[in-house]
Structure formats: C-alpha cells, structure tokens
C-alpha cells in the first residue's frame, strides 16, 4: 500500500486589494511562515519584515507560558498594523513548556500537522520555517521536520547587537505583558497604537541590524520515506542491511535475536512522519 505523505490541495485565496504593489505580480503565490515563539517576538517580526518576499500567512506556535502568550498578542498587533493583509494564526501546543522527550514528540507531531494544514487547507505554495524563537530543542526538532516534510526553507535570525535588543525588550516587558490582558484583537490593537513608535522600533529593527541565515537542509525524497515507513512496520524485512543497522544505532529499531522490532522511541518518531 502506498502511504501518501504529502497530499496537495489546489485551493487558493486571492490577496486583499491592499497587497503591496511591489509584490503584485506574486499575488497568486501563497507563502506561509511557521515559527515557534519564545520570549523574543522580534525574532519573528524581523524575518517577515526582512525576507524580501510576500508572506501570506504566519503560524505562531506558542506554549501556555504567560509571557509567551502576551508576546504573541503583542506581535500579532504589530503585524496587523504593518501588514494588514497578513493572516496570523496562533496555535497553542497545550504545554507551559517543552522540556521532556514526550513533550518534544508532541511538539513535532503538532508542527507536522501545521505544515500539512498550510498546504492542504490554505493551499500554500511555499512554507518557510523560522527557528529563531522558542527553546533550542524545539528549533532543532523543527529543522528536522522541515527536511522530512519538504519545507521550502529553514531560517534563523542573528541580531548584530543582541544585548541592546534584550535590554530594550526588558525595558518594555511590563507593557508587552499588558497585551496578555487584552480580550479582543481590537483591544490589543489599541494598546499597540498607544505606543506604536517604541513598539515598531522593537519589532521592526533596521535591516542592517540583523542577518537572516538560511540553514542548509537536504529534503528527504518521498519515495525513500515511503520505503522506510512501509518496511519498518514489516519487521524491517525489506530494509537494506545498512539501513536496518543504522536504525538500530539510532534507537528506531531493536534487534531481538533474528527479529527487529520498532522501539517506543521509533514508534513515536514514525508517528510524527505519518501525522499521528
């Protein structure tokens, strides 16, 4: 049986009329950015501002931490103000933190579903992953998922004066936290408008103040992933000896006499690939 790993939707949505003239020729292309959000909202907004191509959707992956949730509301208000055509999706992983192997697998599964959702439901032509925010384990895992599910690019942000940026963030932290109390987007927008000069300076620094680094990735061919998934559930009978031994070394398979069994770790990882 062929397992479809990358279903594609042809549905499209046309950009609003206020889409920038600079990007008018690209209006038919839909590009989504998926980004875990930590305590540094500019890690996301500076990417949107500096990548130099139209972005139609941004998916902010957040935890339940109060500062992260407030930062998401703050960031969303700033993006709505500067990019009114941009669709902002806030997705909560359901944890206050991602700090255990089980939570990390849940995060990977959650993120894989978001990538598929942007392709299938929203018909995005390209998907970029921004790994500049969130915990290190989240960003490393997201990079791996990006290769497996054939994301179109994985990016990191490097600020030339990170200490100054952090100082400014902390200076305005109490005002940013106030966004967590906003009940509606309109309330958050009003808070942002009241301090827009300072807030814009935080979220949208000058382009020469930071670098956008494309992380080298090597996408996994779909037929190779299908070969792995189909054979790994069949006692590894169809795997080459080299592949089988590699999966044993990496804890995906376990040898029991002459048989090979999928480990609990391997079961979770394959589940991520299949979107379970």
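Every number here is computed from the coordinates shown, using simple stated rules; none is lab data. Model, not experiment: these values are computed from the prediction. Neighbour counts run over all protein chains shown; Cβ positions are idealised from the backbone, glycine included.
A few notes on this one:
- Computed [θ] at 222 nm, deg cm²/dmol, the chain (DSSP H ≥ 4; -39,500 (n - 2.57); rounded to nearest 500): -13500 deg cm²/dmol
- Listed by Cβ neighbour count within 10 Å, with the fewest neighbours leading, 95, 83 appear as 95, 83.
- Highest GNM mean-square fluctuation among 68, 140, 154, for the chain modelled with Cα contacts below 10 Å: 140.
- Note on the chain: GNM, Cα springs under 10 Å; of 174, 141, 258, the largest mean-square fluctuation is that of 258.
- Comparing 239, 37, 129 in a Gaussian network model of the chain where C-alpha atoms under 10 Å apart are linked, the largest mean-square fluctuation is found at 239.
- Shown for the range 23-215 is the translational diffusion coefficient from the Stokes-Einstein equation, using the Kirkwood radius over Cα pairs, a temperature of 37 °C and a viscosity of 0.692 mPa s: 196 µm²/s.
- Exposure proxy ranking, count of Cβ atoms within 10 Å, fewest first, for 223, 243: 223, 243
- Relative to the longest principal axis of the Cα atoms of the chain, the long axis of helix 185-194 lies at roughly 50 degrees.
- Averaging 1/r over every pair of different alpha carbons in the range 133-276 and inverting the result gives a Kirkwood radius of 19.4 Å.
- The mean of 1/r over all pairs of different alpha-carbon atoms in the range 222-274, once inverted, gives a Kirkwood hydrodynamic radius of 10.9 Å.
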